[in-house]
Amino acid sequence: MHKFSVTTAISVVIANMVGTGVFTSLGFQLLGIQSHFALIMLWFIGGLTALCGALTYAELGANLPRSGGEYNFLGRLYHPCAGFISGWISATVGFAAPVALAAMTFGAYLTAVFPDASQTYAAALLVVCLTIAHCFSHQTSSRVQQLFTLLKIIMIVLFCLVILIWGENPQSISLLPKAEDSSILFGSAFAVSLIYVNYAYTGWNAVTYITSELDNPQQNLPIVLLVGTSLVMMLYLALNFTFLSATPADLLTGKLEIGVITAQHALGVSAGKIMGGVLALLLISTVSAMTMAGPRVLQVIGQDLSTFNYLSRTNKRGIPSAAIVFQSALALILIVSSTFESILIFSSFVLAINTLFSVLGVFILRFKKLNIEGAYRTFGYPFVPIIYLAVTLWTLTYVFTSRPQEAFIGLGLICAGALLYQVAAEKK
């Protein structure tokens, strides 16, 4: 069977991470934080946390080499029920919801260029087209992913260079810490803003969903996770420095369309429209990567539980087409029936719980002595996973105290997964 190369896998990581979050969250962060140093530190700490998670996942994936990501990890390390709940979260929040969010943002930015176009129809059409592409073959899937991820990196770098070199009315910013910054870094506004940043970094674990189809996963998985996450961290720091240095903070505060506002202020209205088209192109690879990775979780659920056997079916080329179609159908339902905000608010909370227990699982992996001889072990263990766990617990605590309604909705989703598992297990 044809395997995904390291290049394709890295493109999956980058494309899953660089999506709606980095182009929308700065406006919300500025509502509570005005310090440029603290704002850049948000993205640095978020990137460092993602790197710690990626290094830990590399050990989990190398020693538990099967597609499915957290479904595989939690099912093997804790209990099959924990794995199923994780897969349930991945299916409902982890992939279908972000596919819908990215597609909806694609439609919104596209209408900035073509005002007569329908946002909903554009979003739905994108999902349908990419579903067809990823159901065709591994080669087609890889080429589509590599092409749009390469375009994404090139466009982001060009955007930063053009704004910084030719942008008008640059802002005077200082990245040196001030006396009051220490209280900001440990305050509630910083913790809440870190939630948005962590959502923007979500996706660093995407390659673990296609581990079984990755060429030589025990050797290549750590490389993919480290390189992909590091590149995204550098892109995020460059983008947010560009936003802050090119645009007055009051124009960005509370706004979603950060990229368009920055381009319009620095280069003119026409450039803002062009930026809308660029961002629309960038989001194609995000939807593509999630359409490629997410269904592999549904596939392994179908292999393990007869109730969901339909999801494990593959076409003659070995592609899990049934799972791809199912996830895309769910995304289309969300696009048609839900608002952007209603999908986004609670997803960070649920996904953070998912990865929290997975990273904690590296300690269980070693306690149970499940490591494969010669397979990768987490660099900086145990400090690296502890850093991830500490930051994640800190942000989860603030979500629970400041946004209890969204937190309880997330917990309700987890409980629904547990009940669904009990029904499926009885019929297994």
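Values quoted throughout were computed directly from the atomic coordinates according to the rules given, and no laboratory measurement underlies them. Keep in mind the model is a prediction, meaning the values are calculated, not measured. All Cβ positions, even for glycine, are placed from backbone atoms using ideal geometry, and neighbour counts span all protein chains on display.
Put in order of Cβ neighbour count within 10 Å, fewest first, the listed residues Met41, Met275 become Met41, Met275.
Here the Karplus curve 6.51 cos²θ - 1.76 cosθ + 1.60, taken at θ = phi - 60°, turns the phi angles of segment 286-300 into couplings of 5, 4, 4, 5, 6, 5, 7, 8, x, x, 5, 5, 4, 4, 6 Hz, with x standing for Gly and Pro. Among Val300, Val162, Val287, the largest mean-square fluctuation in a Gaussian network model of the chain (Cα springs under 10 Å) belongs to Val162. In the chain, the calculated helix contribution to ellipticity at 222 nm averages -24000 deg cm²/dmol per residue, counting -39,500 (n - 2.57) for every DSSP H run with n ≥ 4. Backbone amide hydrogens, once placed in the peptide plane, bring Thr247 within less than 5 Å of Gln171, excluding anything fewer than 5 places away on its chain. Evaluated with a Cβ-only charge set (Lys, Arg +1; Asp, Glu -1), segment 6-426 carries a dipole of roughly 760 debye about its Cα centre, given to the nearest 20. Put in order of Cβ neighbour count within 10 Å, fewest first, the listed residues Lys316, Lys273 become Lys316, Lys273. Taken one residue at a time, the phi angles of segment 4-19 give Karplus couplings (6.51, -1.76, 1.60, θ = phi - 60°) of 6, 7, 4, 4, 5, 5, 4, 5, 5, 4, 4, 5, 5, 7, 7, x Hz. Gly and Pro are set to x.
Phi-derived couplings, Karplus 6.51 cos²θ - 1.76 cosθ + 1.60 at θ = phi - 60°, listed residue by residue for segment 200-212: 5, 7, 4, x, 5, 8, 4, 5, 5, 7, 10, 3, 5 Hz, with x used for Gly and Pro.
Amide H to amide H distances under 5 Å link Leu214 with Phe4, where only residues 5 or more positions off or on other chains count and H is placed in the peptide plane. Computed from Cα positions, the angle between helix 96-113 and the longest principal axis of the chain comes to roughly 30 degrees. Give the angle, between 0 and 90 degrees and rounded to the nearest 10, that separates the Cα long axis of helix 347-367 from the longest principal axis of the Cα atoms of the chain. That works out to roughly 50 degrees.
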